[in-house]
Amino acid sequence: MTSDEALIELGQRCGILPSYFDLQGQEHHTSQATYKALIEAEGLDVSSEVAIARALEELRLEQDDRWFPAEINIICDQETALEFGLGASWQLRNLDDNQLVAEGSPADHIVLPPLATGYYRLRAETPERVESIRVLCAPAHLPLLSERTGVERIWGMSAALYGMRSARNTGFGDYSDLAALGQVAASHGAGFVGVNPVHEMGFHNVDAFSPYSPSHRGFLNTHHIALDDLPGGFRNSQAGYGDIRDREQLDPLAHRAVHNKELKAAYAQFTRQASAADRSGFASFCAAGGQHLDRFAQYEALSARHGGSWQSWPDHGLETDLEDLEFYKWLQWVAESQLARAQRRLTAAGMVLGLYLDLAVGPRRDGAEAWCEADSVAQGVSIGAPPDQLSPAGQNWSLSAFSPRKLKQADYQPLRRVLAATMRHAGIIRIDHVLGLNRSFWLPDNGAPGGYITQPFASLLSVVKIEAERHGTIVIGEDLGLVPDGFRDQMRAAGFYGYSVLQYERRPDGQFPDPSALPEQSLACFATHDTPTLKGYEIGRDIDWWAQVGWIDHEAIEPARQERAADVAALGQLSPAAEDSTGDLDPFEASVITALARGAPSLVCIQLDDICGQTEAQNLPGTIDAHPNWRRRYDIAIEELGKCSRLSSIGTVMARHGRGSVSKA
């Protein structure tokens, strides 16, 4: 075998695809440089021909020299006859606490009794050898809306939490605003309220503003902590915020500086005069968080001394003070408590699902999660996407990826923690770029072309199903863009709800499908944070921005506007008589919203941007400073939203089509 052949076999044993097809059907073959970079990201040495041969031999031994599989996926609550284990004695233990669950003597093939959902370790022993098998026991499918709530069709609202205005916040939307927004939405029949990811951005982070570039997805964004809802009796006067609260656009850095100072003062007051109940609650939170919480707090404390990027930290002298650690744990306890209260307020207001939270694709490469979970993260690569209809130039998201090989070795614990953190206080979550459960596109730091690496798809589905059942959470899989044939069918069979953005559903003939023809097991919407709003789409505001940033030639502007006018006309015919009974909505808005309301998807989501009639989008993908990404504030305060006639009109349309107020089953 030549060294090139050995490298290719090694890559394929790591799950690296030898090629992939782009949107135009052109095949791209994985280069030798890409194979090397992606194999190294999996933790294997390919620095020389000898190293490649050694790594291949080790992997062959690891994968082939087994009598029994290394991992199996089974369905819960039913007896499972395995196709292996003839003559083996065996023991089954819970993976997390090592408690014995079942055992058997040498006989026929192993038969596992009905098991509760969870993670197990099967030890099979014969006179010749002993092997360990990881067992992932999951429900047949994820929770479904009708099972979870007793209703078939609901609608909800989505919003940018950071952009919320209220009489009581400090110029940056907070968890109390989230609860208040949801209560207003519930009064108009909404069954959920969704927001951008609320993952931790980093207390000392001064560079990243996008909620889709978090520091750690397993912890909450402390910049959303409401200062008038803190334990220990702290009261914020808002005097230090100057004009921050009144600015047209957010000033994240200015807000963070003042907000962080207030939080430190609040913690100092908590240490002096907290009640016994609050102290006990905080202690219980710390005990439950264990080493994982300790490690995160250590990262935050080190960031205060050495900067928000661990990649620039010194190699030695990384020490932290115990009091510093307690402060960062306290922040997470407060954020967790406030988010939990928000969910309780929403369900009490009649929302059948309450919070709809977003799980980002991955964390920043220089952030806390990449540092805390370094043993499970792929090194030297970033997650991205090849060219597709969403981004013809391809994308590099500068986010960390879990290594499939390392994640298995960690018994999927890092992923399990991230999922649990997002699901814990949510009736519904959306997994961004759900294709990543099947395969990931990795871009090497060394400049080699990107390539796909497959994931342990069946096992990752089991992990998601186990965590979703534990938390009673419905799961949407964001499946836009280029996906393999049959992928969406597989995901729906597993209980995932698809994600349909109407403005992306345009057919080659220039027409749009009637939403009544869209899959029932999906969430339908017109726009996202990355697309033009209803108003913006109608007037071509995104085309204005393309011209402004130089993405479209001057001579192409008018044809683009003509094409958009045709699209607006086509969408306006989906429900042409809708304007007769939709209040302040213009005919185009009325047509789209009515079409969504009467459509087949079980879940429909309307952006607060569209409820308010805003023109500008929250984000223009592919830009950083050329567009005010993640800085837009809503024109209307929460206190005024309940009287908004446009919201009332939308609620009426939704109720007319069977998506009005419902009671929890």
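The values are calculated or read from the model by the stated rules, or taken from the named source; none is laboratory data. Computed from a predicted model, the values in this text were never measured in an experiment. Note that each Cβ is placed from the backbone with ideal geometry, even for glycine, and that neighbours are counted across all protein chains shown. Side chains are part of the model used for accessible areas, which takes the heavy atoms of the whole protein and leaves out ligands, DNA and RNA. Shrake-Rupley method; radii C 1.70, N 1.55, O 1.52, S 1.80 Å.
A compact table of results
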{"read-out": "Gyration tensor (alpha-carbon) shape descriptor, the stretch 346-419, a/c threshold 1.5", "value": "oblate"}
{"read-out": "Cβ-derived FRET efficiency at R0 41 Å, ASP445 paired with ALA637, nearest 0.05", "value": "0.35"}
{"read-out": "Hz values of 3J(HN,Hα) by residue in the stretch 568-576 - Karplus curve (6.51, -1.76, 1.60), Gly and Pro given as x", "value": "4, 5, 5, 5, x, 8, 5, 9, x"}
{"read-out": "Length added when fully stretched, ALA556-THR652, from 0.36 nm per residue minus Cα-Cα", "value": "30.5 nm"}
{"read-out": "Cα-only Debye scattering, the stretch 33-137: base-10 log of I(q)/I(0) at q = 0.14, 0.18, 0.20 Å⁻¹", "value": "-0.66, -0.85, -0.95"}
{"read-out": "Kirkwood estimate for the stretch 574-645, i.e. one over the average of 1/r between Cα atoms, Å", "value": "14.3 Å"}
{"read-out": "Long-range Cα-Cα pairs in the stretch 300-425 (distance over 22 Å), rounded percent", "value": "55 percent"}
{"read-out": "In sequence order, calculated HN-Hα J values of the stretch 351-362 (Karplus, 6.51, -1.76, 1.60; Hz; x Gly/Pro)", "value": "5, 6, 10, x, 6, 10, 10, 10, 9, 5, 4, x"}
{"read-out": "Descending semi-axes in Å of the stretch 1-95, equivalent ellipsoid built from Cα gyration tensor", "value": "34, 20, 11"}
{"read-out": "Rounded to whole Hz, the Karplus (6.51, -1.76, 1.60) HN-Hα couplings of the stretch 504-516, x for glycine and proline", "value": "8, 8, 4, 8, x, 7, x, 9, 10, x, 5, x, 5"}
{"read-out": "q = 0.13, 0.21 Å⁻¹: log10 I(q)/I(0) that the Debye formula gives for the stretch 142-240, counting C-alpha atoms only", "value": "-0.59, -1.15"}
{"read-out": "The stretch 403-460, Rg to Rh (Cα coordinates; Rh as Kirkwood inverse mean 1/r)", "value": "1.03"}
{"read-out": "Using distinct alpha-carbon pairs, which all enter the 1/r mean, Kirkwood radius of the chain in Å", "value": "26.7 Å"}
{"read-out": "Per residue accessible area in Å² of the chain, where ligands, DNA and RNA are left out and the probe is 1.4 Å", "value": "40 Å²"}
{"read-out": "Amide H partners (placed H, <5 Å) of SER89, local residues excluded", "value": "GLU125"}
{"read-out": "Long-range amide H partners of SER398 with built H, under 5 Å", "value": "ILE383"}
{"read-out": "Proportion of all alpha-carbon pairs of the stretch 83-199 beyond 18 Å (%)", "value": "68 percent"}
{"read-out": "Positive-end residue, the chain charge dipole about Cα centroid, Cβ charges, pick of PHE457, SER166, PHE496", "value": "SER166"}
{"read-out": "For the stretch 532-601, alpha-carbon Rg over 2.2 N^0.38 Å", "value": "1.27"}
{"read-out": "Rh by Kirkwood over Cα pairs, then Stokes-Einstein D for the stretch 235-277 at 1.567 mPa s and 4 °C, µm²/s", "value": "109 µm²/s"}
{"read-out": "The chain - charge dipole about Cα centre, Lys and Arg +1 at Cβ, Asp and Glu -1, debye rounded to 20", "value": "1980 debye"}
{"read-out": "Percent breakdown of C-alpha pair distances by 5 Å bin, ordered from the shortest bin, for the stretch 510-629", "value": "2, 11, 19, 21, 20, 14, 8, 4, 0"}
{"read-out": "Debye intensity ratio in log₁₀ form over the Cα atoms of the stretch 455-571, taken at each q of 0.19 Å⁻¹", "value": "-1.06"}
{"read-out": "Solvent-accessible area, 1.4 Å probe, carbon plus sulfur percent, for the stretch 523-587", "value": "51 percent"}
{"read-out": "Under-26-angstrom lysine pairs by C-alpha in the chain, whenever the two are 8 or more apart or on separate chains", "value": "9"}
{"read-out": "Cysteines not pairable in the chain (beta carbon separation under 4.7 Å absent)", "value": "CYS14, CYS76, CYS137, CYS286, CYS372, CYS612, CYS644"}
{"read-out": "Long-range Cα-Cα pairs in the stretch 215-332 (distance over 20 Å), rounded percent", "value": "50 percent"}
{"read-out": "Other-chain or far-sequence residues with amide H under 5 Å of ILE476's (modelled H)", "value": "ILE429, ARG430, ILE431, TYR497"}
